[in-house]
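*Asks:* Mind looking over this structure? Questions follow.
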Amino acid sequence: MLIQADLSCPACHNGGRRRFFQIARQLALGCLLISLAPSPVAAQPDAAQPAGRSLQRIAFGSCAEQYKPQPVWDAVVAEDPDLFLFLGDNIYADTEDMELMQAKYAELGAQPGYQKLLENCPVLATWDDHDYGVNDGGEWYAKRDESQTIMLDFFDVPEDSIRRQRRGVYGAYLFGPPGRRVQVILLDTRYFKSHHTKDERTDEEKKELDLVGWYVPNNDPETTILGAEQWEWLQAQLVKPADVRIIASSIQIVADEKGMESWGNFPHERQRLYDLIGTCNANGVLLISGDVHFTEISRTEDGPYPLFDFTSSSMTVGVPEWAEAINTHRVSQTGYADQTFGTIEIGWDQQQPSLTLQAHSVSGEAMFELDVPLSELRK
(Lines give C-alpha, C1' and ligand atoms only; values in the text may rest on other atoms or scores of the structure.)
Protein backbone atom coordinates (compact mmCIF):
# COMPACT_ATOMS: atom_id res chain seq x y z
CA MET A 1 0.00 0.00 0.00
CA LEU A 2 1.45 3.36 -1.03
CA ILE A 3 0.31 6.35 1.00
CA GLN A 4 0.46 9.53 -1.08
CA ALA A 5 0.95 12.80 0.77
CA ASP A 6 -1.00 15.92 -0.18
CA LEU A 7 1.60 18.36 -1.52
CA SER A 8 -0.82 21.06 -2.57
CA CYS A 9 -1.39 22.97 0.64
CA PRO A 10 1.45 25.21 1.86
CA ALA A 11 -1.09 27.07 3.97
CA CYS A 12 -1.57 24.07 6.25
CA HIS A 13 1.55 25.01 8.24
CA ASN A 14 1.02 27.64 10.91
CA GLY A 15 3.38 29.65 13.05
CA GLY A 16 6.59 31.57 12.61
CA ARG A 17 8.83 28.69 13.58
CA ARG A 18 7.58 26.55 10.74
CA ARG A 19 7.90 29.46 8.34
CA PHE A 20 11.67 29.26 8.76
CA PHE A 21 11.72 25.73 7.42
CA GLN A 22 9.35 26.57 4.58
CA ILE A 23 11.53 29.44 3.41
CA ALA A 24 14.71 27.39 3.77
CA ARG A 25 13.30 24.54 1.73
CA GLN A 26 12.00 26.88 -0.94
CA LEU A 27 15.35 28.60 -1.30
CA ALA A 28 17.25 25.33 -1.29
CA LEU A 29 15.05 23.56 -3.77
CA GLY A 30 13.88 26.44 -5.93
CA CYS A 31 10.36 25.05 -6.01
CA LEU A 32 7.03 25.26 -4.26
CA LEU A 33 6.91 24.81 -0.53
CA ILE A 34 6.29 21.21 0.39
CA SER A 35 4.11 20.27 3.33
CA LEU A 36 2.30 17.17 4.49
CA ALA A 37 -1.41 17.28 5.19
CA PRO A 38 -2.75 14.53 7.45
CA SER A 39 -2.64 11.20 5.63
CA PRO A 40 -4.52 7.93 6.22
CA VAL A 41 -1.70 6.69 8.46
CA ALA A 42 -0.66 9.97 10.09
CA ALA A 43 -2.57 9.36 13.32
CA GLN A 44 -2.78 11.79 16.17
CA PRO A 45 -0.32 10.48 18.79
CA ASP A 46 -1.63 8.61 21.82
CA ALA A 47 -5.02 8.46 20.10
CA ALA A 48 -7.64 6.11 21.51
CA GLN A 49 -8.75 5.14 18.02
CA PRO A 50 -6.40 3.66 15.39
CA ALA A 51 -5.99 5.40 12.07
CA GLY A 52 -6.30 4.25 8.49
CA ARG A 53 -5.51 0.90 7.01
CA SER A 54 -3.15 -1.64 8.48
CA LEU A 55 0.59 -1.39 7.99
CA GLN A 56 2.44 -4.09 6.10
CA ARG A 57 5.92 -2.67 5.50
CA ILE A 58 7.70 -0.24 7.82
CA ALA A 59 11.13 1.22 7.07
CA PHE A 60 13.39 2.87 9.62
CA GLY A 61 16.84 4.31 10.03
CA SER A 62 19.08 6.65 11.99
CA CYS A 63 22.24 8.74 11.83
CA ALA A 64 21.90 10.89 8.69
CA GLU A 65 24.61 13.55 8.49
CA GLN A 66 22.76 16.34 6.72
CA TYR A 67 25.92 17.77 5.16
CA LYS A 68 26.71 14.55 3.26
CA PRO A 69 25.10 13.02 0.16
CA GLN A 70 22.21 10.71 1.10
CA PRO A 71 21.62 8.32 -1.82
CA VAL A 72 20.10 5.76 0.56
CA TRP A 73 16.72 7.52 0.35
CA ASP A 74 16.23 6.21 -3.20
CA ALA A 75 16.48 2.64 -1.90
CA VAL A 76 14.08 3.44 0.96
CA VAL A 77 11.48 4.83 -1.44
CA ALA A 78 11.93 1.81 -3.76
CA GLU A 79 10.87 -0.45 -0.88
CA ASP A 80 7.48 1.32 -0.93
CA PRO A 81 7.02 1.47 2.85
CA ASP A 82 3.73 2.43 4.47
CA LEU A 83 5.63 4.36 7.14
CA PHE A 84 9.19 5.52 7.82
CA LEU A 85 10.52 5.84 11.38
CA PHE A 86 13.46 8.18 12.03
CA LEU A 87 15.19 6.98 15.22
CA GLY A 88 17.53 9.86 15.99
CA ASP A 89 20.69 11.62 14.95
CA ASN A 90 18.39 12.70 12.15
CA ILE A 91 20.74 15.67 11.89
CA TYR A 92 24.08 16.40 13.53
CA ALA A 93 23.71 19.70 15.37
CA ASP A 94 25.53 19.55 18.75
CA THR A 95 24.81 23.15 19.57
CA GLU A 96 22.95 25.52 21.88
CA ASP A 97 22.54 27.96 19.01
CA MET A 98 18.94 27.39 17.93
CA GLU A 99 19.31 29.33 14.67
CA LEU A 100 22.16 27.01 13.74
CA MET A 101 20.05 23.99 14.66
CA GLN A 102 17.23 25.24 12.43
CA ALA A 103 19.68 25.72 9.59
CA LYS A 104 20.94 22.15 9.96
CA TYR A 105 17.40 20.78 9.86
CA ALA A 106 16.89 22.84 6.71
CA GLU A 107 19.89 21.05 5.16
CA LEU A 108 18.15 17.73 5.74
CA GLY A 109 14.92 19.14 4.37
CA ALA A 110 16.75 20.17 1.19
CA GLN A 111 18.10 16.66 0.52
CA PRO A 112 16.45 15.53 -2.76
CA GLY A 113 16.11 11.94 -1.55
CA TYR A 114 14.44 12.99 1.67
CA GLN A 115 12.01 15.16 -0.28
CA LYS A 116 11.20 12.15 -2.44
CA LEU A 117 10.47 10.15 0.71
CA LEU A 118 8.04 12.82 1.94
CA GLU A 119 6.19 12.68 -1.36
CA ASN A 120 5.56 8.97 -0.96
CA CYS A 121 5.57 8.04 2.71
CA PRO A 122 4.59 9.49 6.11
CA VAL A 123 7.46 10.00 8.56
CA LEU A 124 7.43 9.72 12.35
CA ALA A 125 10.51 10.59 14.38
CA THR A 126 12.18 10.67 17.74
CA TRP A 127 15.63 12.08 18.46
CA ASP A 128 19.03 11.00 19.74
CA ASP A 129 21.91 13.03 21.15
CA HIS A 130 23.22 14.94 18.13
CA ASP A 131 19.81 16.26 17.05
CA TYR A 132 18.87 16.75 20.70
CA GLY A 133 21.81 19.12 20.89
CA VAL A 134 24.75 17.59 22.80
CA ASN A 135 26.80 14.42 22.40
CA ASP A 136 25.59 11.66 24.78
CA GLY A 137 23.31 14.30 26.26
CA GLY A 138 20.56 14.09 28.82
CA GLU A 139 18.48 16.12 31.24
CA TRP A 140 21.24 18.70 31.79
CA TYR A 141 21.09 20.11 28.23
CA ALA A 142 20.13 23.76 28.63
CA LYS A 143 18.18 24.12 25.38
CA ARG A 144 16.11 20.95 25.49
CA ASP A 145 12.75 22.74 25.37
CA GLU A 146 13.75 24.96 22.46
CA SER A 147 15.24 21.96 20.67
CA GLN A 148 12.02 20.01 21.18
CA THR A 149 9.99 22.75 19.50
CA ILE A 150 12.34 22.92 16.51
CA MET A 151 12.35 19.15 16.10
CA LEU A 152 8.55 18.85 16.21
CA ASP A 153 8.23 21.76 13.79
CA PHE A 154 10.53 20.14 11.27
CA PHE A 155 8.65 16.84 11.37
CA ASP A 156 5.31 18.60 10.88
CA VAL A 157 3.82 17.53 14.20
CA PRO A 158 0.46 19.38 14.44
CA GLU A 159 0.28 22.45 16.65
CA ASP A 160 -2.42 20.83 18.80
CA SER A 161 -0.55 17.54 19.21
CA ILE A 162 -0.08 16.25 22.72
CA ARG A 163 3.61 15.87 21.85
CA ARG A 164 3.79 19.68 22.05
CA GLN A 165 2.02 19.82 25.41
CA ARG A 166 4.47 17.82 27.51
CA ARG A 167 8.18 17.60 28.20
CA GLY A 168 9.99 15.28 25.81
CA VAL A 169 9.26 14.19 22.25
CA TYR A 170 7.84 10.73 23.02
CA GLY A 171 4.59 9.64 21.38
CA ALA A 172 2.50 6.60 20.42
CA TYR A 173 0.41 5.85 17.34
CA LEU A 174 -2.13 3.13 16.51
CA PHE A 175 -2.78 1.85 12.99
CA GLY A 176 -5.24 -0.64 11.54
CA PRO A 177 -8.22 -2.75 12.64
CA PRO A 178 -8.32 -5.48 15.30
CA GLY A 179 -6.33 -8.49 14.18
CA ARG A 180 -3.95 -6.24 12.21
CA ARG A 181 -3.40 -3.45 14.68
CA VAL A 182 0.08 -1.97 14.93
CA GLN A 183 1.19 0.26 17.77
CA VAL A 184 4.26 2.46 17.21
CA ILE A 185 5.82 3.76 20.42
CA LEU A 186 8.51 6.43 20.04
CA LEU A 187 10.56 6.75 23.22
CA ASP A 188 12.57 9.81 24.25
CA THR A 189 15.89 8.58 25.70
CA ARG A 190 17.36 12.10 26.05
CA TYR A 191 15.12 14.63 27.78
CA PHE A 192 15.12 12.90 31.19
CA LYS A 193 18.28 10.77 30.99
CA SER A 194 20.74 10.80 33.88
CA HIS A 195 24.52 11.10 33.55
CA HIS A 196 26.44 8.01 32.49
CA THR A 197 29.17 6.45 34.61
CA LYS A 198 32.48 6.70 32.77
CA ASP A 199 34.72 3.71 32.21
CA GLU A 200 38.05 4.65 33.77
CA ARG A 201 40.01 1.80 32.21
CA THR A 202 42.71 2.62 29.69
CA ASP A 203 42.24 2.15 25.97
CA GLU A 204 44.64 -0.80 26.08
CA GLU A 205 42.64 -2.48 28.84
CA LYS A 206 39.38 -1.99 26.96
CA LYS A 207 40.89 -3.25 23.72
CA GLU A 208 41.90 -6.50 25.39
CA LEU A 209 38.27 -6.98 26.43
CA ASP A 210 36.96 -6.15 22.92
CA LEU A 211 35.28 -2.97 24.20
CA VAL A 212 34.92 0.17 22.11
CA GLY A 213 32.88 2.48 24.32
CA TRP A 214 33.22 4.82 27.24
CA TYR A 215 30.73 3.77 29.92
CA VAL A 216 30.02 1.13 32.54
CA PRO A 217 26.67 0.17 34.11
CA ASN A 218 25.21 2.46 36.74
CA ASN A 219 23.01 0.54 39.20
CA ASP A 220 21.87 3.57 41.19
CA PRO A 221 18.05 3.25 41.23
CA GLU A 222 17.76 7.03 41.31
CA THR A 223 19.19 7.27 37.78
CA THR A 224 16.86 7.05 34.82
CA ILE A 225 16.55 6.98 31.06
CA LEU A 226 12.86 7.74 30.59
CA GLY A 227 11.95 9.74 33.69
CA ALA A 228 8.89 9.24 35.91
CA GLU A 229 6.30 10.88 33.69
CA GLN A 230 7.40 9.03 30.56
CA TRP A 231 7.33 5.72 32.44
CA GLU A 232 3.76 6.41 33.57
CA TRP A 233 2.80 7.27 30.01
CA LEU A 234 4.45 4.12 28.61
CA GLN A 235 2.50 1.89 30.95
CA ALA A 236 -0.74 3.47 29.74
CA GLN A 237 0.26 2.76 26.13
CA LEU A 238 1.24 -0.86 26.64
CA VAL A 239 -2.18 -1.87 27.94
CA LYS A 240 -3.88 -0.70 24.73
CA PRO A 241 -4.94 -3.53 22.38
CA ALA A 242 -2.47 -4.20 19.57
CA ASP A 243 -1.23 -7.20 17.60
CA VAL A 244 2.25 -5.83 16.82
CA ARG A 245 4.02 -3.24 18.98
CA ILE A 246 7.13 -1.50 17.70
CA ILE A 247 9.01 0.20 20.54
CA ALA A 248 11.53 2.62 19.06
CA SER A 249 14.54 3.67 21.13
CA SER A 250 17.32 5.88 19.81
CA ILE A 251 19.92 3.79 21.67
CA GLN A 252 20.31 0.02 21.79
CA ILE A 253 18.24 -1.82 24.38
CA VAL A 254 19.46 -5.43 24.37
CA ALA A 255 23.13 -5.16 23.29
CA ASP A 256 25.07 -3.97 26.31
CA GLU A 257 28.67 -5.19 26.34
CA LYS A 258 30.48 -2.75 24.04
CA GLY A 259 30.61 0.14 26.49
CA MET A 260 28.75 2.45 24.11
CA GLU A 261 25.53 4.24 25.04
CA SER A 262 22.79 1.69 25.66
CA TRP A 263 20.05 0.75 28.10
CA GLY A 264 22.61 -1.63 29.59
CA ASN A 265 24.30 1.40 31.16
CA PHE A 266 21.21 1.67 33.40
CA PRO A 267 20.37 -2.02 34.05
CA HIS A 268 17.49 -1.25 36.41
CA GLU A 269 15.79 0.85 33.72
CA ARG A 270 16.15 -1.88 31.12
CA GLN A 271 14.78 -4.55 33.44
CA ARG A 272 11.92 -2.21 34.28
CA LEU A 273 11.08 -2.07 30.56
CA TYR A 274 11.19 -5.84 30.23
CA ASP A 275 9.05 -6.29 33.35
CA LEU A 276 6.54 -3.67 32.24
CA ILE A 277 5.99 -5.49 28.95
CA GLY A 278 5.09 -8.57 30.96
CA THR A 279 3.00 -6.78 33.60
CA CYS A 280 0.93 -5.10 30.89
CA ASN A 281 0.50 -8.38 28.98
CA ALA A 282 1.82 -6.48 25.97
CA ASN A 283 2.27 -9.17 23.33
CA GLY A 284 3.83 -8.62 19.92
CA VAL A 285 6.70 -6.34 20.98
CA LEU A 286 9.59 -5.70 18.60
CA LEU A 287 12.33 -3.33 19.78
CA ILE A 288 14.13 -1.15 17.22
CA SER A 289 17.09 1.18 17.75
CA GLY A 290 19.87 3.16 16.05
CA ASP A 291 22.88 5.26 17.12
CA VAL A 292 25.87 2.90 16.77
CA HIS A 293 26.78 3.25 13.06
CA PHE A 294 26.32 -0.41 12.28
CA THR A 295 23.36 -2.76 11.98
CA GLU A 296 22.58 -5.95 13.90
CA ILE A 297 19.77 -7.88 15.56
CA SER A 298 20.03 -8.83 19.22
CA ARG A 299 17.85 -11.11 21.33
CA THR A 300 17.27 -11.51 25.06
CA GLU A 301 15.39 -14.01 27.20
CA ASP A 302 15.17 -11.56 30.12
CA GLY A 303 11.66 -10.43 29.23
CA PRO A 304 8.30 -12.19 29.44
CA TYR A 305 9.07 -13.78 26.05
CA PRO A 306 12.02 -13.48 23.63
CA LEU A 307 12.63 -9.81 22.85
CA PHE A 308 14.42 -8.81 19.66
CA ASP A 309 16.21 -5.48 19.19
CA PHE A 310 16.72 -4.59 15.51
CA THR A 311 19.38 -1.89 15.30
CA SER A 312 19.77 0.05 12.03
CA SER A 313 22.52 2.67 11.70
CA SER A 314 23.83 4.68 9.81
CA MET A 315 22.19 6.16 6.72
CA THR A 316 25.38 7.98 5.72
CA VAL A 317 28.50 6.36 7.23
CA GLY A 318 29.28 3.14 9.12
CA VAL A 319 32.07 2.33 11.55
CA PRO A 320 33.35 -1.24 10.92
CA GLU A 321 35.48 -1.47 14.07
CA TRP A 322 32.43 -0.80 16.23
CA ALA A 323 30.51 -3.51 14.41
CA GLU A 324 33.21 -6.00 15.33
CA ALA A 325 32.92 -5.37 19.07
CA ILE A 326 31.50 -7.99 21.40
CA ASN A 327 27.75 -8.69 21.46
CA THR A 328 26.82 -12.14 22.73
CA HIS A 329 23.14 -11.25 22.21
CA ARG A 330 23.55 -10.94 18.43
CA VAL A 331 21.39 -13.27 16.32
CA SER A 332 21.96 -11.68 12.92
CA GLN A 333 24.79 -13.13 10.87
CA THR A 334 26.94 -10.06 11.28
CA GLY A 335 27.15 -6.43 12.25
CA TYR A 336 26.75 -4.59 8.94
CA ALA A 337 28.70 -1.30 8.86
CA ASP A 338 27.81 0.71 5.77
CA GLN A 339 25.00 3.00 4.62
CA THR A 340 21.86 1.16 5.57
CA PHE A 341 18.22 1.14 6.61
CA GLY A 342 15.93 -1.52 8.03
CA THR A 343 12.53 -2.85 7.02
CA ILE A 344 9.89 -4.73 8.97
CA GLU A 345 7.50 -6.76 6.81
CA ILE A 346 4.38 -7.95 8.63
CA GLY A 347 3.08 -11.19 7.10
CA TRP A 348 -0.53 -10.79 8.14
CA ASP A 349 -1.83 -13.26 5.53
CA GLN A 350 0.63 -16.06 6.22
CA GLN A 351 -0.65 -19.25 7.80
CA GLN A 352 1.75 -18.44 10.65
CA PRO A 353 1.96 -14.61 10.71
CA SER A 354 5.50 -13.35 11.21
CA LEU A 355 7.78 -10.33 11.12
CA THR A 356 10.49 -10.36 8.46
CA LEU A 357 13.39 -8.14 9.51
CA GLN A 358 15.80 -7.06 6.76
CA ALA A 359 18.89 -4.86 6.78
CA HIS A 360 19.35 -3.12 3.41
CA SER A 361 22.40 -1.65 1.71
CA VAL A 362 22.48 1.74 0.01
CA SER A 363 21.40 0.00 -3.21
CA GLY A 364 18.49 -1.72 -1.48
CA GLU A 365 20.03 -5.20 -1.37
CA ALA A 366 19.07 -7.25 1.69
CA MET A 367 22.30 -7.81 3.63
CA PHE A 368 20.71 -10.11 6.20
CA GLU A 369 17.22 -11.25 7.16
CA LEU A 370 15.50 -12.77 10.17
CA ASP A 371 11.95 -14.13 10.41
CA VAL A 372 10.25 -13.85 13.81
CA PRO A 373 6.91 -15.67 14.19
CA LEU A 374 4.34 -13.51 15.94
CA SER A 375 3.39 -16.56 17.99
CA GLU A 376 6.84 -16.32 19.61
CA LEU A 377 6.20 -12.76 20.81
CA ARG A 378 3.77 -13.53 23.56
CA LYS A 379 3.76 -14.73 27.16
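The values are calculated or read from the model by the stated rules, or taken from the named source; none is laboratory data. Given the structure is predicted, the values throughout are model-derived calculations rather than measurements. Positions of Cβ are generated from backbone atoms using ideal geometry, with glycine treated the same way; all protein chains shown enter the neighbour counts. In case anyone asks, the SASA skips ligands and DNA or RNA and just uses the protein heavy atoms, side chains included. Shrake-Rupley method; radii C 1.70, N 1.55, O 1.52, S 1.80 Å.
*Asks:* Here are some values of volume of the Cα convex hull per residue in Å³: [x] 189; [y] 139; [z] 126. Which one was computed from this structure?
*Replies:* Recomputing volume of the Cα convex hull per residue in Å³ here gives the entry labelled [z].
*Asks:* Report ³J(HN,Hα) in whole Hz for each residue of segment 107-118, in order, from the Karplus equation J = 6.51 cos²θ - 1.76 cosθ + 1.60 where θ = phi - 60°; Gly and Pro get x.
*Replies:* 4, 4, x, 8, 5, x, x, 5, 5, 5, 4, 4
*Asks:* So with the 1.4 Å probe, I'd like the accessible area per residue for the chain, rounded to whole Å².
*Replies:* 38 Å²
*Asks:* Given the Cα-Cα distance of K207 and E365 and 0.36 nm per residue of separation, how much length would full extension add, in nm?
*Replies:* So the extension gain works out to 53.6 nm.
*Asks:* Quick one: Karplus J couplings for segment 246-261, per residue in order, coefficients 6.51, -1.76, 1.60, θ = phi - 60°, nearest Hz, x for Gly and Pro?
*Replies:* Listing the rounded values in order: 9, 9, 9, 10, 5, 10, 4, 9, 7, 4, 8, 9, 6, x, 7, 4 Hz.
*Asks:* With runs of 4+ DSSP H residues as the only contributors, calculate the mean residue ellipticity of the chain at 222 nm using -39,500 (n - 2.57) per run, divided by the residue total and rounded to the nearest 500.
*Replies:* Numbers: 10 runs with 91 residues, N = 379.
Helices in the chain give a 222 nm mean residue ellipticity of -7000 deg cm²/dmol.
*Asks:* Measure off 7 Å from each Cα along the Cα-to-Cβ vector at Q352 and Q235, then give the distance between these two points in nanometres to one decimal.
*Replies:* Spacing of the two 7 Å Cα→Cβ label points: 3.6 nm.
*Asks:* Excluding same-chain residues fewer than 8 positions from K143, which lysines have a Cα within less than 22 Å of its Cα?
*Replies:* K104, K193
*Asks:* For a test of the definition: using alpha carbon positions, the gyration tensor, and the 1.5 limit on a/c, classify segment 218-274 as rounded, prolate or oblate.
*Replies:* Here segment 218-274 falls in the oblate category.
*Asks:* A follow-up question, please. For K207, which lysines qualify as cross-link partners when the Cα separation must be under 19 Å and same-chain residues fewer than eight apart are set aside?
*Replies:* K198, K258
*Asks:* In addition: What fraction of the DSSP beta bridges in the chain is antiparallel, stated in percent and rounded to the nearest 5?
*Replies:* Counting only bridges with both partners in the chain, antiparallel ones make up about 60 percent.
*Asks:* Ranked highest first by average number of other Cβ atoms within 10 Å, how do 98-107, 283-292 line up?
*Replies:* Ranked from most to least packed, the peptides come out as 283-292, 98-107.
*Asks:* Then there's this: Run the accessible area of the chain with a 1.4 Å probe and give the carbon-and-sulfur part as a rounded percent.
*Replies:* 49 percent
*Asks:* Another one. Taking +1 at the Cβ of each Lys and Arg and -1 at the Cβ of each Asp and Glu, which of T295, Q252, M98 sits farthest along the dipole of the chain towards its positive end, judged by Cα position relative to the Cα centre?
*Replies:* So the residue we want is M98.
*Asks:* May I ask you to derive the FRET efficiency for L100 and D160 from their Cβ-Cβ distance with R0 = 35 Å, giving the value to the nearest 0.05?
*Replies:* Given R0 = 35 Å and the Cβ-Cβ separation, E is 0.80.
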